[in-house]
Amino acid sequence: LFFSSGINLVRSRTNILLLGFFVSTADIGNFQVALSTATLASVILIAINSIIAPQFTSLHTNGDKKKLQRLTVLSARLVFVLSVLVTAIFVIFGKNLLTFVFGEKLITAYPALVILLIGQVINAFVGSVNILLNMTGYENEVMKIMVVTSIVNIILTLALAPLVGMVAGAIAISASMT
């Protein structure tokens with residue numbers, strides 16, 4: 001679990017480092033704003049995960065697969081609906097919110113923000129997979145998947161950054177997250 005969390009942290013910062021080779025420092029700052037703002041959508045998933053993780057473990061330990069499946073589906077639906085609502089707010093009002101909070105210059109973060117939010121919605125759609133796997137004894141598989149998705153993230157960032165700039169980081173994060 002510790003290693004998976006560490007990989008996730010490194011993966012989230014790798015894009016900024018790699019983009020530094022291809023885009024201006026202003027674009028790095030804009031990307032960081034998009035990344036930080038998109039993280040708001042993941043707060044819903046994190047909150048739900050902290051509530052359901054012990055329940056996943058308990059239901060799995062007791063062998064109650066029917067309730068485990070019901071909880072998994074219910075939590076995935078809840079997180080998905082809430083993520084869609086947050087994303088809709090940012091898609092509709094995102095430019096105004098970015099301008100209001102960060103100023104006119106950071107409006108260029110909007111395309112990356114939308115891509116990151118779409119990645120969050122897709123992630124929310126499939127539910128709390130990492131938590132479910134970690135809480136039911138499959139933490140080694142989660143770690144392997146995290147390593148593979150980190151490699152995908154790096155490859156996509158390096159391949160796309162010369163073509164689409166900071167949006168490459170958003171595409172890479174969203175693709176590796178999904």
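The values are calculated or read from the model by the stated rules, or taken from the named source; none is laboratory data. Note that the structure is predicted; figures quoted are calculated from it, not measured. Neighbour counts are summed over all protein chains in view; Cβ atoms, including those assigned to glycine, are modelled from backbone coordinates with ideal geometry. Just so you know, the surface numbers come from the protein's heavy atoms only, side chains and all, with ligands and any DNA or RNA stripped out. Shrake-Rupley method; radii C 1.70, N 1.55, O 1.52, S 1.80 Å.
Worth a mention:
- Scanning the stretch 64-120 for residues that are more than 14 Å from the chain's Cα centre (by Cα) and among the small types (Gly, Ala, Ser) yields 75, 76, 88, 94, 103, 109.
- When 169, 127 are checked against the criterion of being at pLDDT 90 or above and either under 29 Å from residue 58 (Cα atoms) or open to solvent by less than 20 Å² (accessible area, probe 1.4 Å) (or both), a single residue qualifies: 169.
- Residue, nearest to the chain's Cα centre (by Cα), within the stretch 121-178, restricted to residues that are touching a residue at least 12 places away in the same chain (Cβ under 8 Å) and part of a loop (DSSP other than H, G, I, E, B): 178
- Filter pass, residue 71 being touching a helix residue (DSSP H, G or I) at 6+ places or on another chain (Cβ under 8 Å), under 30 Å from residue 112 (Cβ atoms) and modelled with pLDDT of 90 or more: no
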